[in-house]
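The values are calculated or read from the model by the stated rules, or taken from the named source; none is laboratory data. As the structure is a computational prediction, the values presented were derived from the model and not from experiment. Methodologically, a virtual Cβ is constructed for each residue, glycine included, from the backbone with ideal geometry; neighbour enumeration extends over all protein chains shown. Accessible surface areas use protein heavy atoms only, side chains included; no ligands, DNA or RNA. Shrake-Rupley method; radii C 1.70, N 1.55, O 1.52, S 1.80 Å.
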Amino acid sequence: MELAAYILVLLVSFVFSLKRRLVDDSLVFFLIFMIVYLSLSVVVRLSGYDSDIQTYMGAMDFDSYSFYYLKEPVVWIGQRFLYDMLGSKFVVFLVFDAVGGFFVFAALTRINVPQYLYFSILLFFPFVMGFQNVYRQWLSMCIFLFAFGTVYQKHYRLAPVIFIYFPIAVASHNVSAVFFSLIVLLKRSQMFKVLSLVILLALPVALVFFEGTKSSANTGLDLSLLYVFSILVFSIFMFLINRRCVNASKGINFVVCVYILVVALFSWFFLSSTSSERVSMFGLMVVYVLLAKDIDLRVKQKFISRVCVSSCGFFPLFVFGTRSFII
């Protein structure tokens with residue numbers, strides 16, 4: 001049932017691959033996306049809860065306000081508060097799923113990606129793993145992607161990102177703080193570029209210092225090196241696509257990919273495999289979106305390239321199944 005639902009989403013992605021904007025009305029497209037996404041959410045939540053999700057369900061009954069919960073209160077405290085209001089843990093997850101979906105939709109809209117990508121990202125295996133396992137990180141990833149998309153478009157101001165969106169992402173899962181320098185880098189002024197470089201150089205020390213504060217819960221398979229390798233491969237593709245404009249403003253996507261690759265390598269060297277996975281999952285989501293956008297801009301065979309992007313993201317799930325990634 002669950003795999004069938006993902007296959008149906010893949011087919012929807014194929015349909016929207018026919019044109020960059022198959023549905024011109026933004027509101028209608030938003031409703032289509034939310035119907036597809038929430039239908040997938042219902043199927044996943046009714047298919048059973050994995051160990052990590054069961055932890056969140058049990059935490060809704062807690063009344064503890066220890067530092068462990070207060071340092072990442074958006075999910076821990078937010079779900080508890082909502083459960084007290086609604087009385088249904090299933091509905092609580094649907095509400096939080098809807099919030100995450102809204103942020104993803106808004107992020108992709110600001111980054112201005114083709115419509116098929118709104119559905120293919122739901123199949124991308126880091127997204128699926130977060131959705132079904134590392135839930136705090138998944139929600140943080142959705143909000144961070146929105147913060148990234150906000151700064152990615154130069155006409156949006158940096159202040160709301162720094163003081164509103166990004167702090168919410170950090171309050172969902174603290175690992176998103178690692179990518180603060182990426183948000184600063186996108187401001188594209190000399191002062192912010194220098195600041196971003198300073199933060200990046202100081203990152204190894206920060207990673208070592210904060211390693212002991214993170215959860216040691218395992219996500220299943222050790223995929224830390226796979227994530228780093230995936231970011232490397234995506235970055236190579238990004239270079240090949242942008243090789244004629246690396247030094248131009250259009251080459252910012254390649255610069256972001258390289259920046260994320262460096263952060264992922266730092267995390268692989270200085271953090272445990274689990275913590276490294278969490279950092280790389282963030283980066284891989286951003287790289288996936290930017291690479292898909294550039295492929296759509298520069299490859300002539302639009303439909304074929306879009307189908308390939310959707311299929312590559314879904315391939316690990318199709319071959320191994322969702323449960324192979326989540327133990």
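Miscellaneous remarks
- The single residue among THR150, THR109 that is part of a helix (DSSP H, G or I), among the polar types (S, T, N, Q) and in contact with a Lys or Arg (Cβ under 7 Å, 6 or more places away or on another chain) turns out to be THR150.
- Pick from segment 277-317, criterion of a type in the set (Ser, Thr, Tyr) and out of contact with any Asp or Glu (no Cβ under 9 Å at 6 or more places or on another chain), ranking: surrounded by the fewest Cβ atoms within 10 Å (Cβ to Cβ): SER311
- Every residue from segment 89-106 that is open to solvent by 30 Å² or more (accessible area, probe 1.4 Å) and acidic (Asp, Glu): none
- Boolean, ARG110 is surrounded by fewer than 22 Cβ atoms within 10 Å (Cβ to Cβ) and either without any contact (Cβ under 8 Å) to a residue 40 or more places away in the chain or among the acidic types (Asp, Glu) (or both): no
- Positions within segment 49-89 being closer than 21 Å to VAL170 by Cβ and of a type in the set (Phe, Trp, Tyr), in sequence order: TYR56, TYR65, PHE67, TYR68, TYR69, TRP76, PHE81
- When residues in segment 29-88 are screened for being in a loop (DSSP other than H, G, I, E, B), in contact (Cβ under 8 Å) with a residue 60 or more places away in the chain and open to solvent by 50 Å² or more (accessible area, probe 1.4 Å), 0 of them pass.
- The single condition among (1) in contact with a Phe, Trp or Tyr (Cβ under 7 Å, 6 or more places away or on another chain); (2) outside any loop (DSSP other than H, G, I, E, B); (3) within 23 Å of ILE304 (Cα to Cα) that LEU22 does not meet is (2).
- All positions within segment 278-317 that are touching a Pro at 6+ places or on another chain (Cβ under 9 Å) and of a type in the set (D, E, K, R): LYS293, ASP296, LYS302, ARG306
- Taking the criterion of being open to solvent by less than 30 Å² (accessible area, probe 1.4 Å), modelled with pLDDT under 85 and part of a loop (DSSP other than H, G, I, E, B), the only residue of segment 153-179 that qualifies is LEU158.
- Count of residues meeting criterion [in a helix (DSSP H, G or I) and modelled with pLDDT under 70] in segment 207-226: 6
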